[in-house]
Amino acid sequence: MAISFRGSVKHVQTVCRISVPGSSRVSVENPPSNSLKDRKLVPESDPPSTKDVNLLYEFFDRSTKLVALTGAGISTECGIPDYRSPNGAYSTGFKPITHQQFIRSSRARRRYWARSYAGWRKFNEAKPSVAHTALSSLEKASRISFMITQNVDRLHHRAGSSPLELHGTVYVVSCVDCGFSFPRESFQEQLKSQNPKWAAAIDSLAYDSNSDKSFGMKQRPDGDIEIDEKFWEEDFHIPTCSKCNGVLKPDVRQYP
């Protein structure tokens, strides 16, 4: 059996308790301080009813092998915008760069990496939500047998889970030519080294952690930030693979 966590719940209780047969009750208190349940990043949604919660509890109680599938909705509470909600990127007309565009166009790659560099700091500061922690606790209690996520943010990992990453992750950078891969933090340093003045200007800009914007620019899904093209069109340089001089991309996968 599978249970899917793909939507977003706007109203999150401060204490979430889950008890399972043969184990002590799991208590998750004090959700992360950057929970954005009352901000525009989180899609509008009615809170679950007591009946719904009880049905979910009963579902866990009578199930022996569960697979959990999570999507963007589980991370909106953490400050990471989604694509498909009424206020999401797709719904407001924004279209991310496709794999084909990234591979074929050096301009598209400059656009992607410049915007991603600028958005990385805030994206990387996101903390797991109560939902991430609850799922990890259910795994440890052997009530969830396997987890799959569509997300690339690794918030499940920070909560203690190791899900199958259906779309890969932005925390790894890989070469499209030879397959060499390495941590994103190392690539951030390479970008900074090749664009010192540009990076210094971005890194010096303070942002308001209580705002849905970073560096005064619109935040997009997966760490992307709106930046005027004049800031990356010509003078932004992208490192190439240290092994074969090939094209480097985030280790993410797109499906039709």
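The values are calculated or read from the model by the stated rules, or taken from the named source; none is laboratory data. What you see is a predicted model; the values in this text were computed from it and never measured. Every residue, glycine among them, receives a Cβ derived from its backbone with ideal geometry; neighbour counts consider all protein chains shown. Calculation scope for accessible area: heavy atoms of the full protein, side chains included, ligands and nucleic acids excluded. Shrake-Rupley method; radii C 1.70, N 1.55, O 1.52, S 1.80 Å.
General remarks:
- Residues in the range 89-115 that are in a helix (DSSP H, G or I) and closer than 18 Å to Ser75 by Cα were compared, and the one that is modelled with the highest pLDDT is Ser91.
- For the range 57-76, residues that are modelled with pLDDT of 90 or more, among the hydrophobic types (A, V, I, L, M, F, W, C) and open to solvent by less than 20 Å² (accessible area, probe 1.4 Å) total 3.
- Count - residues of the range 18-51 that are at pLDDT 60 or above and exposed (fewer than 11 other Cβ atoms within 10 Å of the Cβ): 5
- Any pair with Cβ under 6 angstrom, 6 or more apart, that starts in the range 222-249 at a residue that is at pLDDT below 70 and ends at one that is crowded, with 16+ Cβ neighbours inside 10 Å and assigned to a loop (DSSP other than H, G, I, E, B): Asp222/Val152
- The strands (runs of 3 or more DSSP E) found entirely in the range 116-187 that carry 1 or more residues being in contact with a Cys (Cβ under 9 Å, 6 or more places away or on another chain), open to solvent by 20 Å² or more (accessible area, probe 1.4 Å) and within 30 Å of Lys243 (Cβ to Cβ) are 181-183.
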